[in-house]
Amino acid sequence: MSAWLLEPAYWNWWLLGVVLMMIEAIAPGFFFLWLGVAALLVGLVLTVLPQLAWTWQVLLFALLSVGSIVAWRLRLRRHPTRTEDPLLNRRGHQYIGRVFTLDAPVVNGHGKIRVDDTTWKVLVDRDCPAGARLRIVGVEGVLLKGAIEEKPG
C-alpha cells in the first residue's frame, strides 16, 4: 500500500465520505450526499472485513453509490416533497386561467403578452389584433398557450 493512505484502511473511506458530504454542503444537489453515504458504508464494512481487497472495496463503493442514488430517486418519486407553493419554480403554470392583453398582434398563431416586467410569447389557435384579451390555458415549454376571450354581445 502507498504511504499516504491511513491505517486502518476504513479511515480512508470515512475521510472520503466526510469530504463528499462537505462538497454536498457547498454545492447542494443530493448527489454527493449519497456518494458520501456509500463511502461511509464501505468504511463500516472494512471494520468487519479489514482484509477486503481494494478492488472489492471500489466495486462495493460503486454499487452502494448507484444503489443509494436509485433508492433515493424511487423514494422521492413515491413520496414527493410537499410545498406551500407547488408552482414556485414553474412560472408559466402560475398564469394558467389568467387573462392578459396582447401587446402585439397574433400572426400565424404566435403573439406576445406582457406579464409584470416580462414579455411572454404565446401560442393562439387563430390570428387576432393587438389589444385583444387572451386567457392562458396551458404551457408548452417556454411558450404560453392562450385562447381569445370573446367580447360579450
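Rule-based calculations on the coordinates, nothing more; no lab input. Only a predicted model underlies this, so the values are computations on that prediction, with no experimental measurement involved. No Cβ is skipped: glycine too gets one built from the backbone with ideal geometry, and neighbour counts run over all protein chains shown.
Key figures
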quantity: Stokes-Einstein D (µm²/s) once Rh is taken as the Kirkwood radius of the range 91-148 over alpha-carbon pairs, at 20 °C in 1.002 mPa s; calculated: 199
quantity: 10 Å Cβ shell holding at most 11 others, DSSP loop, chymotrypsin sites (Phe, Trp or Tyr not before Pro): longest site-free stretch of the chain; calculated: 31-153
quantity: Estimated [θ] at 222 nm from DSSP helical runs (n ≥ 4, -39500 (n - 2.57)) normalised by residues in the chain, nearest 500; calculated: -13000 deg cm²/dmol
quantity: Of Asp125, Asp103, Asp117, the one that fluctuates the most in a GNM where the chain has Cα springs shorter than 10 Å; calculated: Asp117
quantity: Gyration tensor (alpha-carbon) shape descriptor, the chain, a/c threshold 1.5; calculated: prolate
quantity: Amide H contacts under 5 Å for His110, placed H, 5+ residues apart; calculated: Val124
quantity: Percent RCO, i.e. relative contact order, over the chain, from Cα pairs under 8 Å lying at least 6 residues apart; calculated: 14
quantity: Relative contact order %, the range 1-59, counting alpha carbon pairs below 8 Å whose residues are six or more apart; calculated: 37
quantity: Euclidean distance between Cα centres, the range 100-139 to the range 1-62, Å; calculated: 55
quantity: Tensor-based shape of the range 10-78 (alpha-carbon gyration tensor, a/c under 1.5 rounded, otherwise prolate or oblate); calculated: oblate
quantity: In sequence order, calculated HN-Hα J values of the range 68-75 (Karplus, 6.51, -1.76, 1.60; Hz; x Gly/Pro); calculated: 5, 5, 5, 4, 5, 4, 5, 5
quantity: Unit charges on C-beta of K, R, D, E only; dipole of the range 91-148, Debye; calculated: 100
quantity: Rounded to the nearest 20 debye, dipole of the range 1-114 from Cβ charges on Lys, Arg, Asp, Glu; calculated: 700
quantity: Trypsin sites (Lys or Arg not before Pro) lying in DSSP loop within the range 62-153, provided at most 15 other Cβ fall within 10 Å; calculated: Arg82, Arg90, Arg98, Arg126
